[in-house]
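Okay, structure first, notes after.
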Amino acid sequence: MPAGPGGDPIRLALDAIDRVHRDGALPRIVVRRGLLRPSRQGYYDPVASQVVVNDATTRPALTMLHETGHIIDLYGLGTSDAFASVVEAELNDWRRAAGGTQALQRLTELGQTIVEPDKARYLRYLTMVEEIWARSYAQYIVTRSAEPELQRQLDMVRQRRPGQTLYIPRQREDGDFVSVAAEIDRLFQQQGWIVWPSP
């Protein structure tokens, strides 16, 4: 991972993960910072085994959590050739909980009504199962670690800007996330991964 201040948000995210759960046999991943287009916070490249976090993002630690969610989806819970969130039966309860949130129902409604190509494409992306998992995972770590800086970055994503005509719920409000977090608890308990004092 990056040395010095550029790596501090990455270390913050990984430390929070370590306080919440263990994991399966994950591959070695290189993490680096890089300048990406403004709309892109970061990405995970499974071919190069690397995560890139945008130098310009205002929420680098949350981005690292999100990309870690993709890695766990591919390697920790499933196999390297499929996202567990999409294909594994053991995630059925999580899929039901995530699908029942007000946020996802709103995204689905918007996807059926918005015709502007860029926005419609973005809404399709937000409703991909593996994307829903990565956002769920990131919010789960924020919630269970109770790390203030991660909470601040999550709140930035959920903030409604003054004069905003269209609000797209990319993350769930706290009350809307309770059942999703409970299903991730259950899933990770089945894996024997839970570290934090679970209820």
Inter-label distance, nm, simple model (7 Å from Cα along the C-beta direction), ASP18/ASP55: 2.7 nm
Gain on full stretching of the segment that runs from ARG170 to ALA3 - 0.36 nm per residue minus C-alpha separation: 57.1 nm
Rough spin-label spacing in nm, given labels placed 7 Å along Cα→Cβ, for VAL47 and ARG121: 1.9 nm
Taking the chain and dividing mean pair separation by its residue count, relative contact order in percent (alpha carbons under 8 Å, at least six apart): 25 percent
Nonlocal amide H pairs with THR57, under 5 Å, H built at 1.01 Å: none
Amide H partners (placed H, <5 Å) of GLN171, local residues excluded: none
Per-peptide average of other Cβ atoms within 10 Å, ordering 2-12, 65-75, 184-194 highest first: 65-75, 184-194, 2-12
Protection proxy ranking, peptides 137-147, 86-96, average beta carbon neighbours within 10 Å, highest first: 137-147, 86-96
Prolate/oblate/rounded call for segment 73-199, Cα gyration tensor, a/c under 1.5 rounded: oblate
Derived scalar couplings ³J(HN,Hα) [segment 86-94; Karplus, 6.51 cos²θ - 1.76 cosθ + 1.60; whole Hz; x for Gly, Pro]: 8, 10, 7, 5, 5, 9, 4, 5, 5
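To the nearest 0.05, what FRET efficiency results for GLU149 and LEU26 with a Förster distance of 35 Å applied to their C-beta separation?
Numbers: r = 24 Å, r/R0 = 0.68.
With R0 = 35 Å, the Cβ-Cβ based efficiency is 0.90.
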Of GLY99, LEU110, ALA89, farthest towards positive along the dipole that unit charges on Lys, Arg, Asp, Glu beta carbons give segment 73-156: LEU110
Gaussian network model of the chain, springs between alpha carbon atoms under 10 Å - residue of GLN41, GLN112, GLN151 with greatest fluctuation: GLN112
Fraction of antiparallel bridges per DSSP, segment 1-118 only, in percent to nearest 5: 50 percent
Potential lengthening between VAL178 and MET128 on full extension [0.36 nm per residue; Cα-Cα distance subtracted]: 15.9 nm
Karplus-derived HN-Hα couplings along segment 27-43 (A = 6.51, B = -1.76, C = 1.60, θ = phi - 60°), whole Hz, x at Gly and Pro: x, 6, 10, 8, 10, 9, 9, x, 8, 10, 4, x, 7, 9, 6, x, 7
³J(HN,Hα), Karplus 6.51/-1.76/1.60, whole Hz, each residue of segment 146-152, x for Gly, Pro: 6, 7, x, 5, 5, 4, 4
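Here, each number is a calculation from the coordinates, and none is a lab measurement. Because the structure is predicted, anything quoted here is derived from the model rather than measured. Here Cβ is always computed from backbone atoms with ideal geometry, including for glycine, and neighbour counts include all displayed protein chains.
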